[in-house]
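Below you'll find the structure, written out as structure tokens, and then a few comments.
The values are calculated or read from the model by the stated rules, or taken from the named source; none is laboratory data. Predicted, not measured: the structure shown is a model, and the values here were computed from it. Ideal geometry is used to build each Cβ from the backbone, glycine not excepted, and the neighbour counts take in all protein chains shown.
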Amino acid sequence: MKKVYLPIIAAIIATPIGNIASAEALTNSKELIKTEEGVEYTEEILEVDNSEEWLEDVIEIEPVEEVVVEEGYENLGPLIYKSSAISSKIAANNEGDYFIYYIMHGSPAALVVVDYETKEIVHTFTLEDSKSAWGLDVDENGKLWIGGSVASVLYSYDPNTEEFEKHGSIFSNKSDTSIQDLIVSGNKVYAGSAYGGSLVAYDTETKEIEEFGQIRKRKEFVKAIEADEKTNEIFVSIGSPMDLLVKKPKAKNFTSFLPAKYMSEKYAQDLILTDDYLVARLYPTNVAVVFDRKTLKIVDEFELKSKTVSTLSPDGKSLYYTKAEQLIKYDFETKEHTELGLYLPKGTEAINLDFILKESEKVIEDETKEKDKSQKEVIDEKDSNVLPINPLLKSTPTVIDPTLKQPVIEVPITEEPIIEEPIVEEPVEEEPKEWILSGMVDNLGQLFEYNPQTSEMTHLQFELPEQPVELYTLASSSDGTKIFANGYMSGGLGVYDVATGNKELYRNISQIESMFDINNKLYIGAYPLARLLVYDRSKPWDTANPKEVIRMNQYGQERTTAVAPYKDGKEIIFGTLPDASVGGGALAFYDTATEKMEIYENYIYNQSIVSLVSRGTEVFGGTSIHANQQVNPRGARLFYFNRSNPEDKKYIHLPFDSSMITSLFVDKENKVWGMADGKLFIYTDEWTDIKYIELLPLISGRFRNAQIVEGDDGYIYGSVEGRLFRVTKDLQVEWLKDKGVYGLEKDMNGNLYYYDGSNLWKYTIEKNREKKQQE
């Protein structure tokens, strides 16, 4: 069905919808004055983690490595830096001193340790083998345990000894690449994974690993975990779609207790356990469900916007959450919700919530008075009058009054029997504990502090260290003078000048799924919400540039996975990946003169459009079988249509099956080249047989694993599954590099650019190397 949409172009910045923003280096804290608007979306952007080579040593500064660079390859270094705190935890050591632990997203990620009292950084540790870490928990000794991504590595930091340790990968299944959640119960660290959907228990004393395996077939995520060592119960949330399960003592298997009404949810992104209740924070619905722990029946449910809810408050009565930027208290007994009238910074909600126990002022005052009193007491050595030690103090000094003068008389020392009098213990009335609720509200690392004793809230803003960001999407300018790069999760747009080697960084843009430059404008498919943006490169980057054209999420779309020009840029064609629709991806045309949108919904049923290219009046497209969190068994489709009638599409039969057709281009001879899984093919017309060659038998991913371009030296160059190759026009293949090559773009000289982690790399083709040597 065709729809025509004329957007009202708002003068808004293309700011990340997630709370991912930039800052410099943390030195102090101050009252919050202003913050950027945003809604937290971070956990849904975790589907593209690529495996890295493991590095053995984890140190506080980035290691200087000796890298042997092959001829023709040049490491241009990181293009994007950003300060993005993706998770945090506040906890105390054995002395009762509290620390703020931040996980900084980057390539690699980092752990930042902040002294809660002074608000100063005391340590920064590199999380080698990880680009993020979602699972954080603290054991009974105050030791922090961290679950990493990419290789499912477990780390720990002991604030008592200030020792950081890497324990290695704790999953045996290679599909389990990212630890999604982590919980400590007794001496066991329970960790759940993506994308193998497995659960393990790591014994902190014996270092042994107990593997529970994949919890349920075809469930890729163990998203949240709770465990109780006393009852030997384990609760897990898996997906997608969602299920909630429990493993009872002595039971071999997990048992589902999810009501049917919630089976359309993706998963519960967090679980909170008390003695009487289990609380599940659902996703994508903003609902928390309260289960009776004994019966596993629902006793309550409520709406919220915070990513999680707090644990049980220190008074044992309530939990806290946020909604519409306001802090709210929930009473377990009465099921009442109390709006506290205290608000977070505009556009934010709580990402994590932690309690901080404090000694009451009365206890501290009594302790001080007792200490002063003890220092004035006189001890008569002859009579051995020893004062009792104040139990609240670590030690009480013994003081002898020097003004007392007595004759020195030598008396024979006789030992008298010591008669111990029975100690009568009087009941001590325990002082009520004072406590503070604190939580991170955005990826700047901003915190709020709520004091229930004073009913006051304060806001703290930090400056956390930037990390190099893993690159995600590359594009070249139409004249080949610029290379554009976008960061995974953290966003940002880096621009590399081919002639000068200068780098520019534009920060206020989120993750980009696809982009294409033509006529000095960069057309962008931004994530989340499948936003279409236009960056006019002839104008300064500001709050109105790039401008947002439309959000395709209103059509059930989540990512804009393909973009291509038509008729020299008179129109821009977009293809999308659906996330919450009942159909397939959308096909959209943007008229660059009138700024009108022409949208065709559910263009290919239950498949995503992931590649597009035009040839004259024809438009060719390729699909992925992954759509709406499902897999279409029919196989990926190659299609084309005449622009005059997009609804009259025709399918091109490929002589092999594939799951996705991820890259298309038209060569100088007007032939269409494409990558379908690990196969490279050439399509000429409906009367000519399709030629192809299999490069790799197995591939990974859902909608991007390869990129191909036509070289200036007569070769076709491509990257697939991290490998670089080139082929002749008659499909003779030569492998150039066997790892570390992702994305592929060409500059004005015909040289190639790709990325590996956070670094942009340049490959000078042989023809140009020969020219340079002659010069």
- Run ASN486 past the list (1) touching an Asp or Glu at 6+ places or on another chain (Cβ under 6 Å); (2) under 22 Å from LEU76 (Cα atoms); (3) not in a loop (DSSP other than H, G, I, E, B) and report the number of the one that doesn't hold. (1)
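Could you identify the single residue in ASN670, ASN606 that is in contact (Cβ under 8 Å) with a residue 40 or more places away in the chain and on the phi > 0 side of the Ramachandran plot?
From the options ASN670, ASN606, the qualifying one is ASN670.
Tell me yes or no: at least one residue of the stretch 516-528 is modelled with pLDDT under 95 and either in a strand (DSSP E or B) or not acidic (Asp, Glu) (or both).
Residues of the stretch 516-528 modelled with pLDDT under 95: 528.
Next, only the ones that are either in a strand (DSSP E or B) or not acidic (Asp, Glu) (or both) stay: 528.
Looking for residues that are modelled with pLDDT under 95 and either in a strand (DSSP E or B) or not acidic (Asp, Glu) (or both), one finds at least one in the stretch 516-528, hence yes.
In the stretch 233-308, which strands (runs of 3 or more DSSP E) lie fully inside it and hold 1 or more residues that are among the basic types (Lys, Arg)?
Numbers: elements: 233-239, 243-247, 267-273, 277-283, 287-292, 298-303.
In the stretch 233-308, the matching strands (runs of 3 or more DSSP E) lie at 243-247, 277-283.
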- Query: Out of the stretch 713-739, which residues are free of Cβ contacts under 8 Å to residues at least 60 places away in the same chain, of a type outside the set (Lys, Arg) and surrounded by 15 or more Cβ atoms within 10 Å (Cβ to Cβ)?
  - Reply: TYR715, ILE716, TYR717, GLY718, SER719, VAL720, GLU721, LEU724, PHE725, VAL727, LEU736
- Query: Just checking, which of PHE703, PHE665, PHE681, PHE725 is out of contact with any helix residue (DSSP H, G or I) (no Cβ under 6 Å at 6 or more places or on another chain) and in a loop (DSSP other than H, G, I, E, B)?
  - Reply: PHE703
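Is it fair to say ALA636 is buried (at least 20 other Cβ atoms within 10 Å of the Cβ), under 32 Å from the mean Cα position of the chain (by Cα), modelled with pLDDT of 95 or more and not in a loop (DSSP other than H, G, I, E, B)?
Working: buried (at least 20 other Cβ atoms within 10 Å of the Cβ): yes; under 32 Å from the mean Cα position of the chain (by Cα): yes; modelled with pLDDT of 95 or more: yes; not in a loop (DSSP other than H, G, I, E, B): no.
No; evaluated as a whole, the condition is false for this residue.
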- Restricted to the stretch 610-625 and to residues being surrounded by fewer than 22 Cβ atoms within 10 Å (Cβ to Cβ) and part of a strand (DSSP E or B), the residue nearest to the chain's Cα centre (by Cα) is SER614
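Of everything in the stretch 492-507 that's over 29 Å from the mean Cα position of the chain (by Cα) and not in a strand (DSSP E or B), which residue is nearest to GLY750 (Cα to Cα)?
VAL498
Answer with yes or no whether LYS119 is within 17 Å of GLY439 (Cα to Cα) and not in a strand (DSSP E or B).
In short, yes.
Could you list, in sequence order, all residues of the stretch 575-596 that are part of a strand (DSSP E or B), in contact (Cβ under 8 Å) with a residue 60 or more places away in the chain and in contact with a Gly (Cβ under 9 Å, 6 or more places away or on another chain)?
First pass over the stretch 575-596, keeping only residues part of a strand (DSSP E or B): 575-578, 587-591.
If we keep only those that are in contact (Cβ under 8 Å) with a residue 60 or more places away in the chain too, we end up with 577, 590.
Within the stretch 575-596, just LEU577 meets the criteria.
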- Query: Which residue pairs have Cβ atoms closer than 8 Å, lie 6 or more positions apart in sequence or on different chains, and pair a first residue in the stretch 747-775 that is modelled with pLDDT under 85 with a second residue that is outside any strand (DSSP E or B)?
  - Reply: ARG769/GLU71; ARG769/GLY72; LYS772/THR764
- Message: Any residue at all in the stretch 552-568 that's polar (S, T, N, Q), in a loop (DSSP other than H, G, I, E, B) and more than 21 Å from LYS671 (Cα to Cα)?
- Response: no
- Message: Quick check on the stretch 70-95: of everything there that is over 29 Å from ILE356 (Cα atoms) and among the hydrophobic types (A, V, I, L, M, F, W, C), which residue is surrounded by the most Cβ atoms within 10 Å (Cβ to Cβ)?
- Response: ILE80
- Which one of these is surrounded by 22 or more Cβ atoms within 10 Å (Cβ to Cβ) and at pLDDT 95 or above: VAL122, VAL114? VAL114
- For the stretch 234-249, the count of residues that are under 12 Å from ALA191 (Cα atoms) and acidic (Asp, Glu) equals 0
- Task: Hey, could you check the stretch 274-293 for residues that are surrounded by fewer than 21 Cβ atoms within 10 Å (Cβ to Cβ) and among the β-branched types (Val, Ile, Thr) and say which is modelled with the lowest pLDDT?
- Result: THR285
- Message: With the structure loaded, tell me whether GLN214 is under 18 Å from the mean Cα position of the chain (by Cα) and polar (S, T, N, Q) or whether it fails that test.
- Response: no
- Query: Identify, please: which residue in the stretch 650-669 is farther than 16 Å from PHE703 by Cα and in contact with a Lys or Arg (Cβ under 9 Å, 6 or more places away or on another chain) and is, among those, surrounded by the most Cβ atoms within 10 Å (Cβ to Cβ)?
  - Reply: LEU654
- Output the residues belonging to the stretch 210-232 that are touching an Asp or Glu at 6+ places or on another chain (Cβ under 9 Å) and in a loop (DSSP other than H, G, I, E, B). ILE215, ARG216, LYS219
- Message: Restricting to the stretch 88-146, give me the number of residues that are over 19 Å from the mean Cα position of the chain (by Cα) and not aromatic (Phe, Trp, Tyr).
- Response: 22
- Taking the stretch 639-649, which residues are assigned to a strand (DSSP E or B) and exposed (fewer than 14 other Cβ atoms within 10 Å of the Cβ)? ASN642
